[in-house]
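Below: the structure, in C-alpha cells.
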Amino acid sequence: MSITNTEGYFLKYTSLVKEGDLIDAFTQQDSVIKKFVERISEEKSLYAYAEEKWTLKEVLQHMIDTERIFAYRALAIARKETTTLPSFDENNYAAHSNANVRSWQSLVEEMYAVRLSTKMLFNSFNEEMLSTIGNFSSNKGDAKTLGFIMIGHVYHHVSIVEERYF
C-alpha cells in the first residue's frame, strides 16, 4: 500500500487488514459484517455503552457514511481529480444521521448495498487507477489504499463494539 502523510492516523485501519489483495480483503470481510449485524437485535441496536456515546445504530450508520465518503474519494482520485477532497466531521454526521429512528434491518440492508457498490467500484478500477495519488483533507494517498482503509475501518468498529457494547 502506498499512502503518504497518513501513516500515523490511517495505520490504525490498514494494519488490521491481513490480506494483501484488495478484492480478496473485501470478500473476506463479508462474513465478518454478516456476523456483526446478525448479532444485534432491534432492541439492542439503541444501546450506547456510555453517556454521549453512539448507539449501535449510529455506529453502523457511521460505518455506512464513512464507506460512502471513502468510496467517493477513491473514485475521484482514480479519475484523476486534482482538487483536494474535503474532510468530514464524523460526530456531526452521526448527530444528523437520523439513525436512531430507522429500523436496524434497514441499516443492515443499506450496509450490504453500500458494500456491494464499493466492491463493484473497486472491481472496475485498473492498476493505473488504483495507484493514482490524490489529495483528501490534509492527506495524500492512492485509491487502492483508500480501499484498505475502508476495510480496516470496519474491522476497527467491529472490534470496538465487541469490547465496549457486549
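The values are calculated or read from the model by the stated rules, or taken from the named source; none is laboratory data. All values derive from a computational prediction rather than experimental measurement. Neighbour counts are summed over all protein chains in view; Cβ atoms, including those assigned to glycine, are modelled from backbone coordinates with ideal geometry. Accessible surface is based on the protein model in full, side chains and every heavy atom, while ligands, DNA and RNA are left aside. Shrake-Rupley method; radii C 1.70, N 1.55, O 1.52, S 1.80 Å.
Between S138 and Y72, the modelled label-to-label distance comes to 2.2 nm, taking each label 7 Å out from Cα in the direction of the beta carbon.
Could you name the aspartates and glutamates whose alpha carbon sits less than 20 Å from that of K57, not counting residues in the same chain fewer than 8 places away? Leaving aside aspartates and glutamates fewer than 8 places away in the same chain, those within reach of K57 are D30, E38, E42, E43, D65, E67, D89, E90, E109, E110, E162, E163.
When shorter helices are ignored and each DSSP H run of at least 4 residues is given -39500 (n - 2.57), the per-residue value for the chain at 222 nm works out to -20000 deg cm²/dmol.
Could you report the chain's accessible area per residue, 1.4 Å probe, as an integer in Å²? Mind dumping the intermediate values first?
Values: 8480 Å² over 166 residues.
Spelled out: the 1.4 Å probe surface of the chain, per residue, equals 51 Å².
The stretch between Q105 and D89, if pulled fully straight at 0.36 nm per residue, gains 3.2 nm over its current Cα-Cα span.
Between T27 and N98, the simple label model (points 7 Å from Cα in the Cβ direction) yields a spacing of 3.7 nm.
Simple rule: put +1 on each Lys or Arg Cβ and -1 on each Asp or Glu Cβ in the chain, find the dipole, and look at N126, M150, M111; the Cα lying farthest toward the positive end is N126. For the stretch 55-142, the fraction of 1.4 Å probe accessible surface lying on carbon and sulfur atoms is 52 percent. Pairs from the list K18/K140; K12/K53; K18/K53; K12/K34; K12/K144 with a Cα-Cα gap above 18 Å: K18/K140; K12/K53; K18/K53; K12/K34. Label zone (A48, point 7 Å along Cα-to-C-beta; backbone nitrogen cut-off 15 Å) within the stretch 82-119: 90-102. Derived from the Cα gyration tensor, the three semi-axes of the equivalent ellipsoid of the stretch 90-166 are 27, 16, 14 Å, largest first. Length gained on full extension, E128 to A113: 2.8 nm, using 0.36 nm per residue less the C-alpha separation.
About its Cα centre, the dipole of the chain is roughly 120 debye, where the only charges are +1 on Lys and Arg Cβ and -1 on Asp and Glu Cβ. From the P(r) of the chain, can you give the percent of Cα pairs sitting at distances over 22 Å? Here the long-distance tail beyond 22 Å is 42 percent of all Cα pairs in the chain.
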